[in-house]
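Read through the structure below, which is laid out as structure tokens, and then see the notes.
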Amino acid sequence: MLRPLLLSLCFALPVSVAPLLAQTQTVRPDITALTQTLQIDALIAVMRSEGLANGKDMATNLFPGQTSGAWGVVVSRVYDPARLQGIFDAALAQALQNDPATGQAMADFFGTALGQKILALEIDARKTLLDDKATEAAAQAWAKAAGAKTLRSARIDRFAAVNDLVESNVMGALNGNLAFYRGMNAAGAFPQPMPEADMLAEVWGQESDVRRDTTEWLFPFLMLAYQPLSDRELDQYIAFSETPAGQKANRAMFMAFDAMFVQVSKELGQSAGRLMAGQDI
């Protein structure tokens, strides 16, 4: 399973993304300005590091005892930052095409000093959690706070609930896993083509593990990211998330990131399938 998609406003139910992945047109200037405000380029840079690390883990499972330089090339190409930015921007443009007010609300909140501080903290936390020891320390800090039922842990729980973070991340991860299977299947990785029903059953069979992994990563991440925020600042963030505009922004962001990760997963699956079938990639 790919590391859960975790950026506070990118959690909502996924949508069908196939039509926009082929788009090559220039993204609207307002969307480009919005993604700059949201620091998406910096976030994608961290996601690339996460993706390269995940790719190494996948190689161990997919090609045990083998050294596949071709796989490393594929993973690097799939996680090309400019390419991912293009997919994200096109998907966000589609999500907001009939709702300019939500885009403006996102720009208004995240364009403030507090909004920029929050985004920078989220990105820094993801960078920090690339290290296993830091991940363990964050998990311990969260467990201690949650066990003591501190006011900060209550705020983190509230933030996660308002944005439906656990459920949305679980669905996003399962979406990505299904796309990976579909890519492998299309590339002929299995002795016999796998029916769609079987792929769905296989993915849903992973739900409990995905939920556990998501929960174990999410709350330590949130605790770490928002530790420098005052209670008042975190309350302001929660308040924005609770507004109708905040809820719509949440859905739009998740749609954009889901589009990106489904495409990544599909392409990784196709390339893995070709390698397993002895084809060139």
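No lab work stands behind these numbers, since they all come straight from the coordinates. Just so we're clear, the structure is a prediction, and the values are computed from it rather than from any experiment. With ideal geometry, Cβ positions are generated from the backbone for all residues, glycine too; neighbour counts draw on all protein chains shown.
In table form, for the structure just shown:
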item	result
Within the chain: Cβ-based charge dipole about Cα centre, in debye rounded to nearest 20 (Lys, Arg +1; Asp, Glu -1)	280 debye
Net charge over other residues, Cβ less than 14 angstrom from the Cβ of A259 (K, R count +1; D, E count -1)	0
Correct option for mean projected area of the Cα convex hull in nm² [calculated from the coordinates] among (i) 14.9; (ii) 17.0; (iii) 12.3	(i)
Cβ crowding within 10 Å averaged over residues, with 126-134, 82-90, 249-257 ranked highest first	249-257, 82-90, 126-134
Computed [θ] at 222 nm, helices only, for the chain once each DSSP H run of length n ≥ 4 contributes -39500 (n - 2.57)	-25000 deg cm²/dmol
Kyte-Doolittle mean at least -0.5 and Cα axial length at least 18 Å: DSSP H helices in the chain	40-62, 81-95, 113-128, 132-148, 165-186, 207-226, 244-276
Count of lysine pairs in segment 51-177 with Cα separation under 20 Å (8 or more residues apart, or interchain)	4
